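The values are calculated or read from the model by the stated rules, or taken from the named source; none is laboratory data. Quick caveat, the model's predicted, so the values are computed rather than measured. Positions of Cβ are backbone-derived with ideal geometry, glycine not excepted, and every protein chain shown enters the neighbour counts.
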């Protein structure tokens, strides 16, 4: 299992708009059977106006397929809605990065 963490460093005063976009996207993701994202904003962080969205995926291959392909069960209308939700999100963001961590679980004895 892997944790995929997306960090977005927003322009001043724009983080709330991006939070709303991500919550709306989370609703669509749930409909399509995609992993739920945990959405967080900075309370005390390296930078102000930071949004973090993280999700767990079974494998890197599963994440890559999710990013490169239309999710199974997603219609063209669903994909159009996704595009509408995230339209112009680049206008809200200065920069960002992705972190991927392997979730370590104890070995069974």
**Message:** Restricting to the range 94-107, name every residue that is within 19 Å of residue 7 (Cα to Cα) and over 14 Å from the mean Cα position of the chain (by Cα).
**Reply:** 94, 95, 101, 102, 103
**Asked** Based on what the data block shows, is residue 33 in a loop (DSSP other than H, G, I, E, B) and within 19 Å of residue 64 (Cβ to Cβ)?
**Response** yes
**Fill in**
How many residues of the range 36-76 are farther than 24 Å from residue 19 by Cα, assigned to a helix (DSSP H, G or I) and either at pLDDT 85 or above or in contact with a helix residue (DSSP H, G or I) (Cβ under 8 Å, 6 or more places away or on another chain) (or both)? The answer is 3
**Request:** Test residue 62 against the criterion of being touching a strand residue (DSSP E or B) at 6+ places or on another chain (Cβ under 9 Å), within 30 Å of residue 107 (Cα to Cα) and surrounded by 16 or more Cβ atoms within 10 Å (Cβ to Cβ), and give yes or no.
**Result:** no
